[in-house]
Every structure is written in structure tokens, then in C-alpha cells.
Amino acid sequence: MPLYIKDDAVDKLAAQVQEATGAPSKTEAVRRALENELARSRKSKPSASGSLAPS
């Protein structure tokens, strides 16, 4: 399923991430950025017990 970026600022950010990470395409750069953000979010989100350990 395609993802179209219709915002010039987001397109520019994707290009910057592509260059900074050496990703072969903007799509790959966006995929990596989203995966990294999801992993970061999961690490910082407290579990139901209140600890920071991954659930």
C-alpha cells in the first residue's frame, strides 16, 4: 500500500533522514525512522506495573 507525502516539510525531513542514514530511498528512510520511534516509544512507556521494563 503506497504512502504519499503531500507536505513539503515532511518530504524535506525524509530526504534529510535518507542522507543522514544512508538509506537507499526515502521510503526506507521513513520506515527506519518509524521503527526507531516506535521502539523508543515502547522503551519509555511504563508497563502496567509502573516499571519501565518492556512488557
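Key figures
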| quantity | calculated |
| --- | --- |
| Around K26: net Lys/Arg minus Asp/Glu count, Cβ-Cβ under 14 Å | -1 |
| With every protein chain in place, the stretch 1-49: carbon and sulfur % of accessible area (1.4 Å) | 57 percent |
| Partner aspartates and glutamates for K45 [C-alpha distance under 16 Å; skip if fewer than 8 residues away on the same chain] | E35, E37 |
| Around A15: net Lys/Arg minus Asp/Glu count, Cβ-Cβ under 13 Å | -3 |
| Solvent-accessible ranking of T21, T27, largest area first, probe 1.4 Å | T27, T21 |
| All lysines inside 25 Å of K6 as judged from Cα atoms, apart from same-chain residues fewer than 8 positions distant | K26 |
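The values are calculated or read from the model by the stated rules, or taken from the named source; none is laboratory data. Treat the numbers as computed from the prediction; the structure is a model and nothing was measured. Cβ atoms come from the backbone with ideal geometry, glycine included; neighbour counts cover every protein chain shown. Surface areas here come from the heavy atoms of the whole protein model, side chains and all, with no ligands, DNA or RNA. Shrake-Rupley method; radii C 1.70, N 1.55, O 1.52, S 1.80 Å.
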